[in-house]
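Asks: Questions regarding the structure given below will be posed in turn.
The values are calculated or read from the model by the stated rules, or taken from the named source; none is laboratory data. Only a predicted model underlies this, so the values are computations on that prediction, with no experimental measurement involved. All Cβ positions, glycine included, derive from the backbone under ideal geometry; neighbour counts span all protein chains shown. We work out accessible area using only protein heavy atoms, side chains counted, and drop any ligands, DNA or RNA first. Shrake-Rupley method; radii C 1.70, N 1.55, O 1.52, S 1.80 Å.
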Amino acid sequence: MAQAHADADKYYIPHSSPWPIYGSITLFTLMSGAIATLDGWLPAYALIPGFVMLALLFVFWFHTVIAENQAGIYNMAVDRSFRMGMMWFIFSEVMFFAAFFGALFYARNFSVPWLAGDGVKIFSKLLLWNNYDGVWPTNGPGVVGGKADGTFEIVPALGLPALNTAILLTSSVTVTIAHHALLTGHRGRLKIFLALTFLLGFTFVGFQAFEYHEAYTELGLRLGTGIYGSTFFMLTGFHGMHVTVGAIMLTVIWFRVMKGHFTPKRHFGFEAVAWYWHFVDVVWLGLFTFVYWL
Amino acid sequence: MAYAQANDTAHHDDHHDQPATGIKRWLFATNHKDIGTMYLVFSLIMFFIGGAMAMVIRAELFQPGLQLVDPVLFNQLTTNHALVMIFGAVMPAFVGLANWMIPMQIGAPDMALPRMNNFSFWILPFAFTLLLSTFLVPGGAAAGGWTLYPPLSLQTGDSFPMLIFAIHMMGISSIMGAINVIVTIMNMRAPGMNLLRMPLFTWSWLITAYLLIAVMPVLAGAVTMLLTDHFFGTSFFNAAGGGDPIMFEHIFWFFGHPEVYIMVLPAFGIISEILPTFSRKPLFGATSMIYAIASIAFLSFIVWGHHMFVDGMPLAAQLFYMMSTMLIAVPTGVKVFNWTATMWRGSLSFEPPMLFALAFLFLFSIGGFSGLMLAIVPADFQYNQTYFVVAHFHYVLVPGAIFGIMAGVYYWLPKWTGHMYNMTLAKAHFWLSAIFVNVLFFPQHFLGLAGMPRRIPDYAVQFTDWNMVSSIGGFFFGASQILFAIVVVQCARGGKKATSIVWEGTHPTGLEWTLPSPAPYHSFSTAPEIP
Amino acid sequence: MGGRRTGGRRTGAWTRAFCLAALSVVAGAHANTSNGYNLPLGVTGLSRDIYALHMEVFWICVAIAVGVFGVMIYALVKFRHSQGAVPDTTLVHSTKVEIIWTVIPVIILVAMAIPAAKVILMMEDTRNSELSIRVTAYQWKWQYQYMDAAEGVNFFSTLARDSNFARQLRSGIDPKSVENYLLDVDHPMVIPSGTKVRLLLTSEDVIHAWWVPDFGAKRAAVPGFVNELWFKVDPGKEGIYRGQCTSLCGRDHGFMPIVVDVRTPDDFKKWVDEQKAAVKQAAAHAAAPPPTAQVLSTATN
Ligand code: HEA
Ligand code: HEA
Ligand code: CUA
Ligand SMILES: [Cu+2]
């Protein structure tokens, strides 16, 4: 272990690091695998190297950073940089979701009504899509996807999605309690509530998987079910991926807590994950409102 | 093993003030100057690659009839010329300049997140390897224009996912670069360097970084939807399923319009540094310059529809986008007027950076004026998708963004290398560039107005003359850029020693001029005193 | 050869280009064509409105440019270090002038926006059209299906054969030897003058765009949607007008021109009757198809 110590007015600049270039190669491998798979050059196992490298990347890189942190190399300024970095990263994620929410709004307020002859696009209906009524949810005037007869059902908001909302909201509370416990030095409470949080997270993902299964097998609701299926699965899917990642990060943080990491004053890792978790939560509220409910 | 090694290096950090040797210095770099250099070198290479594509385009367009390339290859070249120039040349050049100059201008030892800094650079060579290798796969490179409009872009062959993932990688790189800039500026300023004292280049980059973080993820979303429409049967851009091809245009231009300011705001910053220096007089209205940049950035989010007037847009939207677009002329005008006022009653000398800054001033304005004409909806119905648009955006991009970058390089190069460069050669580069860029792009206004559409490999014979003029201008402009490479390489290798202030007899402001030339490996290990 | 001028008038383009003062005069003299470096005045009310707007905005920009560049050049000449100019370092700020040069541009912009808005309102008003034509774009041809009084007329329009031969890579044919190189089609769209014609544009594959500069008319053809567009060619301006697809649509984007043959309403009626008769005849033939029918129909496509 490195023995250097935090020097309050020295901003730590790592001298050199192999992880960034390794990370770039990882990304390249991952992308190449995806390309080879999508283009049918190779079977899907072409993705494996990339994912393995990616997992190792996180292990190595975070290990280095955690070790440096534990060794006390980082002063408060470094800590602040990490926090700001995390905040802006989350903001960029928000914008990524915004693109898909934008697609949903556009489809509901513009393209679907237009296809049904609304406003200036009256001829779209008259000439091209004579029988289209443009009622949401829809798989479009061409009746794309769905069951054999082209119909499909949607997941009612008040079933699993409502339960999942409750789960995520609860997990948001538990992570806040855990944070509080960390600040006030109640390590026992911290461990329990943090564990609860990621358990709730994984439960959410489980329910979501169940819901997807239902949708695919029973409801005729698939990724290819017109614009409804597209927006539904892309939004909930990306969200689900983020929940999964978040829950894994919470688990990692929990192990760190068990190892005695973090102090009431210095716990960037914990906070970053907690922020991320809140972000995932807020996105879900948007999803619940605009995808399932309204 | 590797892990132990990493900790080992951490151990040594306190007493490392010299760069590592050999290839590791670059592969494992965490130093802002090394990374800045890599960005700049990469950008120059990409400028030449993108430029070489443009030369083929101009050669094909030299006369009517198809002589060199078939239409598909022509479209591939146009598409990739734009992608390489925008994502490979201009943006990395600005990030390179940011890396070099921001820590020096705010009195910081380095960028805030050095590892991430290296990561964001090293993604780029891989991303462009992917992008450029699309020329080799079945079906060839993407040929649907840099705007990637579906359904056409969905007709791309095997290179389709390569294109999408290359763009994803560029986006990841840009976002990390932008986060680093914001964090550096917000967290690493020397005590006393409050925001309003910050040099204009740093300011312009701060705002640019916000733009980047806000719009690059949206581009990622847009191309992800393309990917799923292509491979997984989604209907985002398919009317039969309830989607709309025009929806892509909205999402793309929500990114695309701020993107064009991403490519020019840092140049504004550079010009605001150079003009005062060689006018020997402080920048006029520095505070309103900052507000002007911020207003431009804000407005850039609400004008995207001006790229889509002819694509079928409700009346109210046409009016809204026209007026919001026109409004951008106001803050941009404030900048132009303040620059002019900076020179007013100054004492001007004409070193290469100043020459490029002046050319920027005149020629960017011309590009801005044609932009304003494009904003007039009825007129845009005639201009849209013609060479008038091509002329507009090359005026703001080449004598705008590219000249801005060159002005910056000529301004700070001695600070980086410790040597003065060959002024005669640099001036020759300037005059050739400034003259031929106009021969190259001015006639394209005429072509567009006379009715020549863009993105065509062959044209009706009445367009021959101006195309010939434009191509000749293009060849000479391209050849002149070789001088730039020569000046830079010579300067890196040696030359007259530069003093710390570099521009003796002028008054450059900014902390970078308090450091010796070449600047020490770690810029400000201890925070400087801000007067 | 009515409307658009053809090649061959290129000599002297250089000199003409710099006679900007004579610009509008020249454009007027060659009404309904472009003079090679400016927008055409065109043959519809709309195209003339656009031309007027274009020139107005252009001259405003020129005036601003002369002013701003004039000041810059004056400064460059007057305040040279080499001529011993001494900088006035107190001149760093003036709220008054900054307000002036914010407000004046706003006023100028408003003055530009108002007439522009009026023209937009007119462009978007497709009501009371007298003839509608459904235009469908394909990679790489146009289909014109007439509606209203000409219902039943329906044909495809593709690049003329001469141009198509000459435009092949290294064809060895000099484009200048081909009449209306790249701007000619096998079957032009025929419309009556003095009539409000509305196009209903759509596409079967990718986005295309229909443009005839002399009509001031351009609009995208988007698959799955219908965009509208109208124009009314002045009586007395009958002739041939040419344009091109202006939305990148793949390999032959540069090779799907548009040709409009404007006739007097009477001649147009005659043409419609001929077409209808031909359709009838073809239908009769189709009942007992001659052995060459297939070849024929592909040839006309
Ligand atoms: C650096 C890049 C850059 C910059 C800065 C700009 C600046 C502007 N652009 Fe441009 N633009 C592009 C890059 C850029 N653009 C690109 C790449 C495209 C094409 C994309 C594609 O289709 O491939 C494009 C296309 C484009 C279009 C779409 C055209 C079409 O496809 O039909 C429009 C339409 O409104 C437009 C408008 C403007 C305006 C109003 C400005 C304004 O910001 C300009 C403001 C500046 C001035 C006006 C000059 C200085 C001001 C004064 C001296 C003050 C006084 C002036 C007045 C009161 C008039 N641009
Ligand atoms: C920052 C962006 C940027 C830059 C710098 C440039 C620079 C240039 N561009 Fe381009 N361009 C775009 C962005 C840019 N462009 C975009 C966005 C499009 C639209 C694409 C689309 O439609 O989708 C476009 C499209 C475009 C077209 C229209 C194509 C079409 O519509 O069919 C043309 C045609 O003339 C062109 C030309 C040029 C030329 C001659 C240069 C020159 O300035 C380049 C000069 C540089 C060099 C030449 C390299 C250096 C020198 C050498 C390599 C040495 C060898 C050379 C010789 C010996 C001569 N560009
Ligand atoms: Cu059809 Cu371009
Ligand atoms: Cu724009």
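Asks: Output the residues belonging to segment B:248-280 that are charged (D, E, K, R) and open to solvent by less than 10 Å² (accessible area, probe 1.4 Å). Full working, then the answer.
Replies: First pass over segment B:248-280, keeping only residues charged (D, E, K, R): B:249, B:259, B:273, B:280.
Across segment B:248-280, the qualifying residues are B:Glu249, B:Glu259.
Asks: Hey, does segment C:141-152 have a residue that's more than 9 Å from chain B (Cβ to nearest Cβ), among the basic types (Lys, Arg), surrounded by 13 or more Cβ atoms within 10 Å (Cβ to Cβ) and within 25 Å of C:Val222 (Cβ to Cβ)? Spell out how you get there, then give the answer.
Replies: So in segment C:141-152, the residues more than 9 Å from chain B (Cβ to nearest Cβ) come out as C:141-152.
Going one step further and asking which of them are among the basic types (Lys, Arg), we end up with C:141.
Among the residues that remain, those that are also surrounded by 13 or more Cβ atoms within 10 Å (Cβ to Cβ) are: C:141.
Right, trim to within 25 Å of C:Val222 (Cβ to Cβ) and you get C:141.
Yes, because at least one residue in segment C:141-152 is more than 9 Å from chain B (Cβ to nearest Cβ), among the basic types (Lys, Arg), surrounded by 13 or more Cβ atoms within 10 Å (Cβ to Cβ) and within 25 Å of C:Val222 (Cβ to Cβ).
Asks: Consider only pairs whose beta carbons are under 7 Å apart and that are at least six residues apart or on different chains; among these, list those whose first residue lies in segment C:271-282 and is assigned by TED's automatic domain parsing to the domain that holds C:Asp261 and whose second residue is modelled with pLDDT of 90 or more.
Replies: C:Trp271/C:Val190; C:Trp271/C:Arg263; C:Val272/C:Val153; C:Gln275/C:Val153; C:Lys276/C:Val153
Asks: Looking only at residues that are among the small types (Gly, Ala, Ser) and at the interface with chain B (Cβ under 7 Å from one of its Cβ atoms) in segment C:54-81, which one is farthest from the chain's Cα centre (by Cα)?
Replies: Going through the qualifying residues, I end up with C:Ala75.
Asks: I need the full set of residues from segment A:122-171 which are among the small types (Gly, Ala, Ser) and surrounded by fewer than 19 Cβ atoms within 10 Å (Cβ to Cβ), in order please. Write out each step before concluding.
Replies: Keep residues of segment A:122-171 that are among the small types (Gly, Ala, Ser), which gives A:124, A:134, A:140, A:142, A:145-146, A:148, A:150, A:157, A:159, A:162, A:166, A:171.
The answer is A:Ala148, A:Gly150, A:Ala157, A:Gly159, A:Ala162, A:Ala166.
Asks: Does B:Leu432 satisfy being hydrophobic (A, V, I, L, M, F, W, C), outside any loop (DSSP other than H, G, I, E, B) and surrounded by fewer than 24 Cβ atoms within 10 Å (Cβ to Cβ)?
Replies: Against the criterion (hydrophobic (A, V, I, L, M, F, W, C), outside any loop (DSSP other than H, G, I, E, B) and surrounded by fewer than 24 Cβ atoms within 10 Å (Cβ to Cβ)), B:Leu432 qualifies.
Asks: Would you say B:Thr386 is surrounded by 22 or more Cβ atoms within 10 Å (Cβ to Cβ), among the hydroxyl-bearing types (Ser, Thr, Tyr) and within 16 Å of ligand 3 (Cβ to nearest atom)?
Replies: yes
Asks: Taking helices (runs of 4 or more DSSP H) that fall entirely within segment A:1-107, which contain at least 2 residues that are within 9 Å of chain B (Cβ to nearest Cβ) and touching a Gly at 6+ places or on another chain (Cβ under 6 Å)? It would help to see each step written out before you state the result.
Replies: Values: elements: A:19-38, A:48-70, A:76-106.
Output list reads A:76-106.
Asks: Condition first: open to solvent by less than 10 Å² (accessible area, probe 1.4 Å) and either within 7 Å of another protein chain (Cβ to nearest Cβ) or within 16 Å of ligand 1 (Cβ to nearest atom) (or both). Now tell me which residues in segment B:98-113 satisfy that.
Replies: Correct list: B:Asp110, B:Ala112.
Asks: Also, I was wondering about something else. Write out, first by first residue and then by second, each pair whose Cβ atoms fall under 7 Å of each other, whose residues are 6+ apart or on separate chains, and whose first residue, in segment B:207-235, is within 24 Å of B:Pro266 (Cβ to Cβ) and part of a helix (DSSP H, G or I) while the second is open to solvent by 10 Å² or more (accessible area, probe 1.4 Å) and of a type in the set (Lys, Arg).
Replies: Sorted first by the residue in segment B:207-235, then by its partner, the list stays empty.
Asks: Does B:Ala240 qualify as being farther than 30 Å from C:Asp88 by Cβ, surrounded by fewer than 22 Cβ atoms within 10 Å (Cβ to Cβ) and more than 8 Å from every other protein chain (Cβ to nearest Cβ)?
Replies: When the stated conditions are applied, B:Ala240 does not pass them.
Asks: For segment A:206-236, which residues satisfy the criterion of being assigned to a helix (DSSP H, G or I) and open to solvent by 20 Å² or more (accessible area, probe 1.4 Å)?
Replies: A:Gly206, A:Phe207, A:Ala209, A:Phe210, A:Tyr212, A:His213, A:Glu214, A:Tyr216, A:Thr217, A:Glu218, A:Leu219
Asks: Now for a different question. Name the strands (runs of 3 or more DSSP E) wholly inside segment C:211-267 in which the number of residues that are not small (Gly, Ala, Ser) is 3 or more. Show your work before the answer.
Replies: Working: elements: C:217-221, C:227-231, C:239-245, C:257-263.
Ranges flagged: C:227-231, C:239-245, C:257-263.
Asks: From B:Met323, B:Met313, which residue is in a helix (DSSP H, G or I), touching a helix residue (DSSP H, G or I) at 6+ places or on another chain (Cβ under 8 Å) and more than 13 Å from ligand 4 (Cβ to nearest atom)? Don't jump to the end; show me each part of the working.
Replies: Numbers: B:Met313 fails: in a helix (DSSP H, G or I).
Answer to the check: B:Met323.
Asks: If you don't mind, there's one more thing I want to ask. Could you check, for segment B:314-324, whether at least one of its residues is under 24 Å from B:Val437 (Cα atoms) and within 11 Å of chain C (Cβ to nearest Cβ)?
Replies: Checking segment B:314-324: not a single residue is under 24 Å from B:Val437 (Cα atoms) and within 11 Å of chain C (Cβ to nearest Cβ).
Asks: Restricting to segment B:124-149, and then to whatever is surrounded by 16 or more Cβ atoms within 10 Å (Cβ to Cβ) and hydroxyl-bearing (Ser, Thr, Tyr), can you tell me which residue is farthest from the other protein chains (Cβ to nearest Cβ)?
Replies: Among residues in segment B:124-149 that are surrounded by 16 or more Cβ atoms within 10 Å (Cβ to Cβ) and hydroxyl-bearing (Ser, Thr, Tyr), the one farthest from the other protein chains (Cβ to nearest Cβ) is B:Thr134.
Asks: Can you tell me which residue among B:His429, B:His445 is farther than 26 Å from C:Leu183 by Cβ and away from ligand 3 (no atom under 16 Å from the Cβ)?
Replies: B:His429
Asks: Let me ask you something else. Hey, does segment B:454-461 have a residue that's closer than 27 Å to C:Asp174 by Cα, in contact with a strand residue (DSSP E or B) (Cβ under 7 Å, 6 or more places away or on another chain) and not in a helix (DSSP H, G or I)?
Replies: Within segment B:454-461 (the criterion being closer than 27 Å to C:Asp174 by Cα, in contact with a strand residue (DSSP E or B) (Cβ under 7 Å, 6 or more places away or on another chain) and not in a helix (DSSP H, G or I)), the answer is yes, since at least one residue qualifies.
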